[in-house]
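Below is one structure, written out as structure tokens, with a few remarks after it.
The values are calculated or read from the model by the stated rules, or taken from the named source; none is laboratory data. Keep in mind it's a predicted model, so treat the numbers as computed, not measured. With ideal geometry, Cβ positions are generated from the backbone for all residues, glycine too; neighbour counts draw on all protein chains shown.
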Amino acid sequence: MLTLAIESSCDETSCGVIKDGREVLSNIISSQIDIHRRFGGVVPEIASRKHVESINLIIQEALDEAKVGFNDIDFISVTQGPGLVGALLVGLSAAKSIAYGLNIPLVGVNHIEGHVCANYIEHKDLKPPFVCLIVSGGHTYLIDVEDYNSYTLYGRTRDDAAGEAFDKVARAMGLPYPGGPFIDSLASKGNKEKIEFPRVFLDDKTYDFSFSGLKTAVLNYLNGAKQRGEEIVLEDVAAGFQQAVLDVLVEKSFRLSRELGRDKIVIAGGVAANKGLREMMETRGIKNNIGIFYPSPRLCTDNAAMIGSAGYYNYINGKTSPLDLKVMPNLSFLD
């Protein structure tokens, strides 16, 4: 069963062809990072215009690479939300047009569920149940994946998402956008024990996250050091900050796995590409006899393949969407 998948929630225009939810025949990604880097972040209007310019070419490239035509496609998977409203509209409009023209089903996909399903592509034998930590620029969730379409939400961010904190701290440190990879690289060269930043665990009864206070602590440290004329070692700042984030993410993930008796923890989202997070998860996973799974870096970023996988599991579960489907920029994970 072939799905043509379209993802345009932010600053990547991506289209792909996915077979049976796990086999990627094509996954074309056109990134706008270089365009938005000069502004220090994504400019929604520019992102929307670039999607309009790219979408038709990317769709055709995805079909060509997969060596299929429109008539070979069984259904269309497309991101409905969350994301930038203008960017989402471009992808959904294209998907609706194709579904209507070919008279095939349309499946609207929650972008966050797509990140979870990226692991099904990377790990062909991975099956629920498992605990999943979803960490990206806009979202931080801790969920129990009971089945392919059955989730229970246990924790979410109360303020800044983990990836958002990375980007804001990186900007304060004078690093380019997106900041996460640069902080990860600097952290590997720094002393994580040199600067002690707060770990916000909230309390033992919640799996929610909070990174706003940590972000503020780093900004205060940087400003204070500048005012005192002290040398700022960016490697040490990055290492201390990153370790403070990872300690909370890892601790809560393993605590939930113990509580639920799960023997697998899956990481998803853009921050799943963070080398420090992967290493810390794997080290603790070996110690606790828990399998750790995460996608390759290309599948951590926004991409159509993960939307195709999520769409497949929705489709075989009987979930399709009407042609008057609306984009939902603020779509929550379990909406």
*Residue by residue through segment 276-312, note down the ones that are touching a residue at least 60 places away in the same chain (Cβ under 8 Å) and among the basic types (Lys, Arg).*
Arg298
_Subset of segment 177-194 that is charged (D, E, K, R) and outside any helix (DSSP H, G or I) - its residue that is nearest to Gln242 (Cα to Cα)_ = Lys192
_Any strands (runs of 3 or more DSSP E) falling wholly within segment 53-164 and containing at least 1 residues that are more than 21 Å from Ala273 (Cα to Cα) and in the same structural domain as Asn303 (by TED's automatic domain parsing)_ = 75-81, 106-110
*Can you give me the number of residues within segment 12-52 that are out of contact with any Asp or Glu (no Cβ under 6 Å at 6 or more places or on another chain), among the aliphatic types (A, V, I, L, M) and in a strand (DSSP E or B)?*
4
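For (1) surrounded by fewer than 22 Cβ atoms within 10 Å (Cβ to Cβ); (2) in contact with a Phe, Trp or Tyr (Cβ under 8 Å, 6 or more places away or on another chain); (3) at pLDDT below 95, each residue gets a yes or a no:
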site	(1), (2), (3)
Leu234	yes, no, no
Val245	no, yes, no
Leu256	yes, yes, no
Arg278	yes, yes, no
Gly285	yes, no, no
Ile290	yes, yes, no
Phe293	yes, yes, no
*Out of segment 41-89, which residues are among the small types (Gly, Ala, Ser) and without any contact (Cβ under 8 Å) to a residue 40 or more places away in the chain?*
Gly69
*Going by the conditions given, is Ser9 in contact (Cβ under 8 Å) with a residue 24 or more places away in the chain, part of a loop (DSSP other than H, G, I, E, B), on the phi < 0 side of the Ramachandran plot and of a type in the set (Gly, Ala, Ser)?*
yes
*When you scan segment 235-335 for helices (runs of 4 or more DSSP H) that lie fully inside it, which ones turn up with 2 or more residues that are more than 22 Å from the chain's Cα centre (by Cα)?*
275-288
*Restricting attention to segment 258-276, which residues are farther than 13 Å from Lys192 by Cα, surrounded by fewer than 23 Cβ atoms within 10 Å (Cβ to Cβ) and either in the same structural domain as Ser9 (by TED's automatic domain parsing) or out of contact with any Phe, Trp or Tyr (no Cβ under 6 Å at 6 or more places or on another chain) (or both)?*
Arg258, Glu259, Leu260, Gly261, Asp263, Ala273, Lys275
*From (1) at pLDDT 95 or above; (2) over 25 Å from Lys19 (Cβ atoms); (3) in contact with a strand residue (DSSP E or B) (Cβ under 6 Å, 6 or more places away or on another chain), pick out the condition that doesn't hold for Asn274.*
(3)
_If Ile33 satisfies all but one of (1) buried (at least 21 other Cβ atoms within 10 Å of the Cβ); (2) at pLDDT below 90; (3) of a type in the set (A, V, I, L, M), what's the number of the condition it fails?_
(1)
*Only one residue in Ile29, Ile55 is more than 23 Å from Glu122 (Cα to Cα) and not small (Gly, Ala, Ser). Which one?*
Ile55
